[in-house]
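For reference, the structure is listed below as structure tokens.
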Amino acid sequence: MSLKAKLEAIIYAAENPVTLDQLIELVKESVTNEGAADGTEVKSRVRLALEQLIVDYYAPDHGIEIRQVAGGYRMSTKPEHHDIVRAFAKSLKPPIRLSLPALETLAVIAYKQPVTVPEISEIRGVDSNGVIVTLLDRKLITTGGRKAVIGRPILYKTTKEFLMRFGLRDIGELPSMEEFEKLVAESFQSDLLPANYEPAGAPENAVAGTEMGLPTQDSETTAHEDSVLATVENKHSDENDSAA
């Protein structure tokens, strides 16, 4: 990979502006291996490659540019494209906001699907009826028929929206549980609980850098969700009886 390509990848991936010193530190070893005599030459090569990269993006056939911002470099859309980018941003769905119990329930469904509410509740150790309604409303899960046991409880499975949210081609690409937890933290990093929320037994700063902002449910909300769930189950029951 060329030096210019490495710098491009770093700047693209960085959340905050990347300084010249940071870029030099990150590519110093590879530049030295390519023949740079000393630190001065490394810096000269990095600066030159960066200037070339900026010129490349300045061309009119690029919709983004590399700008100097707050002492560093970052990618941004060019001013002449702001209107279309703004229109695109307005067309996007609002961000999904989930509580930690909802994320926990989603993980159980993802790895155990199709699964029933009693089975989910048994794994989590708490009642999961209210959380199921939230996940249904967010279109992250859907019903998948009924289990052939007494009471015929509804089976739940993940949806295409779930795959899109986590960048998966299909369920077969689900990572390990540890990797899944990391994906959850990244995908919903601005949609979790308040920063001062600390689950019992959780280590300090367990979700570092995560903004949280969803209030816990009160009993009235939970009762409403249980009522909605009952309506959903009755609807499916009527549909199945009609089909029979």
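Observations on the structure shown:
- The test for being under 30 Å from Asp137 (Cβ atoms), at pLDDT below 90 and aliphatic (A, V, I, L, M) holds for Leu98.
- Which numbered condition Glu119 fails, given (1) of a type in the set (D, E, K, R); (2) surrounded by fewer than 16 Cβ atoms within 10 Å (Cβ to Cβ); (3) not assigned by TED's automatic domain parsing to the domain that holds Leu7: (2)
- Residue within segment 74-85 that is more than 30 Å from Ile132 (Cβ to Cβ), in contact (Cβ under 8 Å) with a residue 60 or more places away in the chain and not hydroxyl-bearing (Ser, Thr, Tyr) present: yes
- When restricted to residues that are among the β-branched types (Val, Ile, Thr), within 30 Å of Val126 (Cα to Cα) and in contact with a Phe, Trp or Tyr (Cβ under 8 Å, 6 or more places away or on another chain), segment 64-113 contains 2.
- Filtered residue count, segment 57-95, keeping only those that are over 24 Å from Glu8 (Cα atoms) and in a loop (DSSP other than H, G, I, E, B): 4
- For segment 119-138, the set of residues classified as more than 14 Å from Leu155 (Cα to Cα) and assigned to a helix (DSSP H, G or I) consists of Glu122, Ile123, Arg124, Gly130, Val131, Thr134, Asp137, listed by residue number.
- Lys6 vs. criteria over 27 Å from the mean Cα position of the chain (by Cα), surrounded by 17 or more Cβ atoms within 10 Å (Cβ to Cβ) and among the basic types (Lys, Arg): no
- Within segment 14-24, the set of residues being at pLDDT below 90 and loosely packed, with under 15 Cβ neighbours inside 10 Å comprises Glu15, Asn16.
- Here is the figure for segment 123-146: residues that are over 12 Å from Pro101 (Cβ atoms) and of a type in the set (Asp, Glu) total 1.
- Enumeration of residues in segment 31-53 that are at pLDDT 85 or above and surrounded by 15 or more Cβ atoms within 10 Å (Cβ to Cβ): Lys43, Arg45, Val46, Ala49, Leu50, Leu53
The values are calculated or read from the model by the stated rules, or taken from the named source; none is laboratory data. Predicted model only: the values in this text are computed from it and were never measured. Because the Cβ atoms are built from the backbone with ideal geometry, glycine has one as well, and the counts that use them run over all protein chains shown.
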